[in-house]
Structures are given as structure tokens and as C-alpha cells.
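The structure appears right after this line, and notes come after that.
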Amino acid sequence: PRRVRSLVALATPVLVALFLLGLFNYARFGSPLETGYTYADVSPPQMVEVRARYGLVNLAHVPTNLYFYFLAPPRPVVEPATNHLVPPYVTLNLGVGFFYLSPFFLLMFRGDWRKRWRRQVGVGAAVGTAVLLTYYATNYFHFGTYYLADVLPLYYLLLLEGFREAKLMGRERVLILLSLIFNLYLFSHLPKLT
């Protein structure tokens with residue numbers, strides 16, 4: 001009985017939130033299951049066809065999203081005739097991998113994984129990331145992987161737990177400073193969209 005009460009206490013806010021979200025979606029779009037992604041602007045037109053062919057949620061999106069969420073490097077800027085790098089040297093790709101923009105978050109993998117709560121948060125982050133990877137998310141140039149915003153609080157908890165003395169060491173401060181400079185550089189050279 002105690003476990004049932006705990007399960008009910010855990011499930012109740014989730015079910016209430018899902019119900020309210022369904023009402024909100026119904027009021028906005030006429031369906032409790034429509035979240036607005038179907039109406040999102042997608043460009044260029046070929047991407048509209050891809051979204052229509054595969055749908056908003058599909059396992060076929062996982063490889064593309066995995067690449068653009070985590071692996072895609074910044075795009076080199078080259079002179080077409082010579083293939084030499086020219087200023088600004090690098091710019092945004094359709095997405096730039098999360099760890100290129102925020103290498104500090106690689107530290108979320110350190111820490112004591114024997115702790116039960118850390119494993120639970122890690123499983124929650126992994127499940128949330130897996131769900132997000134099934135969404136049709138590639139659109140056009142964007143700064144960072146904004147779809148990961150749903151799981152960033154869990155990533156952040158894992159990151160914070162990795163600091164034993166609750167303070168930043170010199171090399172960690174340097175990593176933050178370098179990633180800040182790199183992000184500002186990329187942001188100041190956003191591609192011109194026509």
C-alpha cells in the first residue's frame with residue numbers, strides 16, 4: 001500500500017500536467033495531441049516534404065538529430081575556387097553539436113555513478129534525450145540545440161554533482177572562458193539568411 005501511495009503521489013502531478021497540456025493544445029489547435037510542431041515554419045521547401053514524409057515523431061529522425069545535436073562541428077568557411085579557409089573561418093552548421101558549444105557539460109559524466117539518485121537522474125536524462133531525438137528538429141541554421149532545453153536541467157544536475165568541493169578549479173574556469181569566446185565568435189558571424 002505504501003508503494004502504491006508513493007506511485008500515485010508521483011503520477012498525479014504528471015497526469016494533471018498532461019491533462020492541462022491537452023486542454024491547452026485543444027484550445028490552440030483543436031486537438032489535445034497537436035503541440036504546434038506541425039505548423040512550424042520549415043525552410044527550405046524540401047524540408048517540408050521530408051517532414052511530411054516521415055512525420056513529426058519517427059525513429060528515422062534519430063541519426064540526423066544525433067548528428068546535429070551532438071556531433072556536428074561548426075561549418076568551415078572556404079573559398080570555393082581554392083578550398084582555403086577564409087574569414088570568419090567557421091560558422092554555424094544546420095546545428096552545432098552541444099558539446100562543441102558547451103564542452104563544460106562533458107564534466108557531467110564524471111562523479112559517482114554508484115549513487116542511486118545520480119543513476120535515476122541519468123536515466124531520466126537519457127530517456128528524455130532519446131524521446132527528443134525522435135522529433136523532426138532539423139530546420140535551418142540555429143545557434144545551439146534548442147530542443148535539448150527540455151533535458152538541460154537534468155544535465156545540469158549531473159554536472160553539479162560532479163564537483164566534489166562545490167567550486168570551480170582553474171582548468172574548469174579556462175574551459176568556460178574559452179567556450180564563451182568561441183560562442184561569441186560564432187554568434188558574431190551568424191550566416192546571412194536570404
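The values are calculated or read from the model by the stated rules, or taken from the named source; none is laboratory data. Everything quoted here is computed from the prediction, not taken from an experiment. In this analysis, Cβ positions are derived from the backbone assuming ideal geometry, glycine residues included, and neighbour counts consider all displayed protein chains. With ligands, DNA and RNA removed, areas are computed over all heavy atoms of the protein, side chains included. Shrake-Rupley method; radii C 1.70, N 1.55, O 1.52, S 1.80 Å.
Quick notes on this structure:
- The numbered conditions (1) farther than 18 Å from Ala137 by Cα; (2) assigned to a loop (DSSP other than H, G, I, E, B) are all true for Val90 except (2).
- Applying the criterion of being small (Gly, Ala, Ser) and surrounded by 15 or more Cβ atoms within 10 Å (Cβ to Cβ) to the residues of the range 73-108, the residue that is modelled with the lowest pLDDT is Gly95.
- Taking first residues from the range 46-73 that are closer than 19 Å to Ala126 by Cα and partners that are in a loop (DSSP other than H, G, I, E, B) and at pLDDT 85 or above, the Cβ contacts under 7 Å between residues at least 6 apart in sequence or on separate chains come to Val57/Thr134; Asn58/Thr134; Leu59/Thr134; His61/Thr134; Val62/Thr134; Tyr69/Gly97; Phe70/Gly97; Leu71/Gly97.
Here's the yes/no breakdown for (1) open to solvent by 70 Å² or more (accessible area, probe 1.4 Å); (2) more than 17 Å from the chain's Cα centre (by Cα); (3) at pLDDT below 90; (4) not aliphatic (A, V, I, L, M):
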| residue | (1), (2), (3), (4) |
| --- | --- |
| Pro13 | yes, yes, no, yes |
| Ala17 | no, yes, no, no |
| Leu23 | yes, yes, no, no |
| Ser31 | no, yes, no, yes |
| Glu49 | yes, yes, yes, yes |
| Arg53 | yes, yes, yes, yes |
| Val57 | yes, no, yes, no |
| Phe70 | no, no, no, yes |
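- Any hit, the range 30-50, residues being among the aliphatic types (A, V, I, L, M) and over 28 Å from Gly144 (Cβ atoms): no
- Applying a threshold of 7 Å to beta carbon distances and a minimum spacing of six or more residues, or different chains, the list of pairs starting in the range 8-34 at a residue that is free of Cβ contacts under 8 Å to residues at least 40 places away in the same chain and outside any loop (DSSP other than H, G, I, E, B) and ending at one that is among the aliphatic types (A, V, I, L, M) and open to solvent by 70 Å² or more (accessible area, probe 1.4 Å) reads Asn25/Leu33.
- Per-region count, the range 109-139, residues touching a residue at least 12 places away in the same chain (Cβ under 8 Å), open to solvent by 60 Å² or more (accessible area, probe 1.4 Å) and over 12 Å from Leu158 (Cα atoms): 1
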